[in-house]
Amino acid sequence: MTLLYCCPTPAYNPAITHDDRQLTMKIFSSSFGEYTLDRYPKTQDVNLQAWDAGDHYLLNHLADIDSLGRVLIINDTFGALTTALYQHDITVWSDSKLAELSYQKNYRLNGLPENYSFVPSTETPKGLFDTVIIKIPGTNRYLDDILLQLTALVKPDSRVIGAGMAKYWTKKWPQYFADRLGHSECSLTWKKARLILSNTDALPVKQAAVKTSSYRAEPLEMTIGKLSNVYGQDYLDVGARVLIAALPDFNGRQTLADLGCGSGELGLCALSKNSTINVEFIDESYQAVASAKANVMTNLPGAIDRASFTCSDGLIDKDKNSYDVVLCNPPFHQQQTIGDHIAWNMMHQARNSLKPGGELWLVGNRHLNYNNKLQRLFGNCDQVGGSDKFVVFKSVKT
Ligand SMILES: C[S@@+](CC[C@H](N)C(=O)[O-])C[C@H]1O[C@@H](n2cnc3c(N)ncnc32)[C@H](O)[C@@H]1O
């Protein structure tokens, strides 16, 4: 059933540039006050801001409620919700290290005490919540997984509200809410966003299993498992396949980073080809890092002492001279924003953390012309593999 939901008068102002030197830092005028917000990582694109109409819609809805009680915020992208609700008893649940760094950055920008608890997606928040707000994630598998786990975190009088943008809306979303939480209704579209409102008074049977999937990666002769929000489908990514086909055994090299490891296929390939190399699996997704670890333990248990696992914004915290080799199949988007800014950051980070003579092996879609960027950054770039759509480049730190 669809509810014709009327939004309270929106306190929506177009974003006002706050500081010309900080192009993307803008004032967020919300129903819970005004805040300076920025994205993490910073982007040079002045059209991008740290919130969307879904954040406004959720906050407008919450502003009409007398007492929010314990609040669980799920999948807040850059911290608009976490910041605006700072005076409440909030727990923030997310799969993204970049999002976590955004929350910290925006609390600092606004001089707020960091009094929220952050729970990574690989753990379950403690206790029961009165109010749950969800920014609907990019994959249905992860949304359904969140809702499955929510059944153990809400009470019959809790309220659960999801927000998504109309351009990505699918009938499956309200269906997932209804299947997992019980009676659910959709709002009207407001500024291109919509809400799903679930009342949890007749919760279906609790089903708290965390979803995983697996596939057989033939070139590696391994079975690869992944948690629900990990990049990719149930087959080896085409770019990863092309990079794996080009990789040598790296004999004589000691340290290798699988940068943006996802479920760990590139690092697994290096570990299996070379019996002495140490591989660090790095991703900004908590679930990716956990999946990569599980995949090493399942497929190469004897190599686990040569593997380490880090959830971080790439190599940002790494010293110069950390690695002999960096392998990378970079993302071309952050959340729903398409662009090469993360890939560019990763190239810079790799250049910084490689030892002299160390090599970056990077795969990308042919039309992205990553060779121009690599040539500019490293002063050299060779094509060492490819297919009709993908190219593998190698750059050496001189
Ligand atoms: C195209 S996928 C590659 C996954 C896997 N290596 C493969 O080849 O199939 C890019 C990966 O980069 C991760 N990622 C995106 N931004 C990142 C960042 N700032 N730091 C570390 N990892 C990041 C994503 O979570 C995703 O797992």
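The values are calculated or read from the model by the stated rules, or taken from the named source; none is laboratory data. Only a predicted model underlies this, so the values are computations on that prediction, with no experimental measurement involved. All Cβ positions, glycine included, derive from the backbone under ideal geometry; neighbour counts span all protein chains shown. Surface areas here come from the heavy atoms of the whole protein model, side chains and all, with no ligands, DNA or RNA. Shrake-Rupley method; radii C 1.70, N 1.55, O 1.52, S 1.80 Å.
Odds and ends about this structure:
- Look at the stretch 220-233: where a residue is open to solvent by less than 50 Å² (accessible area, probe 1.4 Å) and a partner is aromatic (Phe, Trp, Tyr) and away from the ligand (no atom under 11 Å from the Cβ), sitting 6+ places away or on another chain with Cβ atoms under 7 Å, you get ILE224/TYR215; SER228/TYR142; ASN229/TYR142.
- Residue match in the stretch 108-116 (condition: in contact with a Ser or Thr (Cβ under 6 Å, 6 or more places away or on another chain), surrounded by 23 or more Cβ atoms within 10 Å (Cβ to Cβ) and among the hydrophobic types (A, V, I, L, M, F, W, C)): no
- Residue match in the stretch 259-269 (condition: without any contact (Cβ under 8 Å) to a residue 60 or more places away in the chain, more than 24 Å from HIS341 (Cα to Cα) and either under 24 Å from the mean Cα position of the chain (by Cα) or within 14 Å of the ligand (Cβ to nearest atom) (or both)): yes
- Restricting the stretch 213-233 to residues that are touching a Gly at 6+ places or on another chain (Cβ under 9 Å) and on the phi < 0 side of the Ramachandran plot, the residue that is nearest to the ligand (Cβ to nearest atom) is TYR231.
- Considering only residues in the stretch 178-193 that are open to solvent by less than 40 Å² (accessible area, probe 1.4 Å) and touching a residue at least 40 places away in the same chain (Cβ under 8 Å), the one that is nearest to MET165 (Cα to Cα) turns out to be ALA193.
- ALA163 being among the aliphatic types (A, V, I, L, M), modelled with pLDDT under 95 and not in a helix (DSSP H, G or I): no
- Summed over the stretch 253-290, residues that are closer than 25 Å to TRP93 by Cα, out of contact with any Gly (no Cβ under 8 Å at 6 or more places or on another chain) and assigned to a loop (DSSP other than H, G, I, E, B) total 1.
- Residue satisfying all of: in the stretch 277-303; open to solvent by 50 Å² or more (accessible area, probe 1.4 Å) and within 20 Å of GLU221 (Cα to Cα); nearest to the ligand (Cβ to nearest atom) among these: LYS293
- Summed over the stretch 307-343, the residues that are within 9 Å of the ligand (Cβ to nearest atom), open to solvent by 50 Å² or more (accessible area, probe 1.4 Å) and modelled with pLDDT of 95 or more give a count of 1.
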